[in-house]
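Beneath this line is the structure, given in structure tokens, with notes to follow.
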């Protein structure tokens, strides 16, 4: 597998794949999909991003012969006790659309102002070199910002339309180019930390 430089991405999120594929393509790596091997996604039952990422990685690694890259990420608003947190993708319900999650978040924050609207994205990535890998590689990235009063922008996915990253003026994450997101997002930060270890382990 190492010689072929193939990596199973344990995610069905098209937005995440769009952000990760160009980075690995430049390095000569191919990201395989769960669908290609007919691997179902596991139920995310953990209470932390790290535990969920490892759960997804182990699940995929047990069902394929490739190395596996898994990640769990979400939005945390301290004023809401850390919510949506690990429930970010299903904040408004198990089958909620991004728009529904965003609308619920804005509704619950409608009376909050100033520092009460601070928020951050978290991404935890896990690399497994086999189902019984005793020493998984981990990386964590954090993207600081605040929640806008209304959604704006047509790019990105998830909570991008309501998240205003610091150092980007009043632009939402959904108004940034893919290149800008790849430079500073929580996912980009975690990936940069993990890439050197992936390349070293694959040498």
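Throughout, read-outs are computed from the coordinates displayed, never taken from laboratory work. Predicted model, so just to flag it, every value in this text is computed and none were measured. Positions of Cβ are backbone-derived with ideal geometry, glycine not excepted, and every protein chain shown enters the neighbour counts.
Odds and ends about this structure:
- Reducing region 171-194 and region 124-154 to their Cα centroids gives an inter-centroid distance of 11 Å.
- Sites residue 23 and residue 168 - FRET efficiency at Förster radius 25 Å, r taken between beta-carbons, to 0.05: 0.75
- Between residue 6 and residue 45, the distance separating the two model label sites (each 7 Å from Cα on the Cα→Cβ line) works out to 3.0 nm.
- Spacing of the modelled spin labels on residue 35 and residue 106, each 7 Å from Cα toward Cβ, amounts to 3.0 nm.
- Cα shape, region 1-111, gyration tensor, a/c 1.5 rule: prolate
- Burial ordering of 20, 50, 178, fewest other beta-carbon atoms within 10 Å first: 178, 50, 20
- Inter-label distance, residue 13 to residue 180: 2.0 nm, where each label sits 7 Å from its Cα along the C-beta direction.
- Ranked by the mean number of other Cβ atoms within 10 Å of their residues, highest first, the peptides 54-61, 109-116 fall in the order 54-61, 109-116.
- For the chain, the longest principal axis of the C-alpha atoms and the axis of helix 98-108 are separated by about 40°.
- The chain: angle of helix 186-202 to the longest principal axis, Cα-based, in degrees nearest 10: 10 degrees
- Residue-span extension gain [residue 97 to residue 196] - 0.36 nm each, minus C-alpha spacing: 32.2 nm
- Degrees between helix 14-26 axis and first principal axis of the chain (Cα, 0 to 90, nearest 10): 50 degrees
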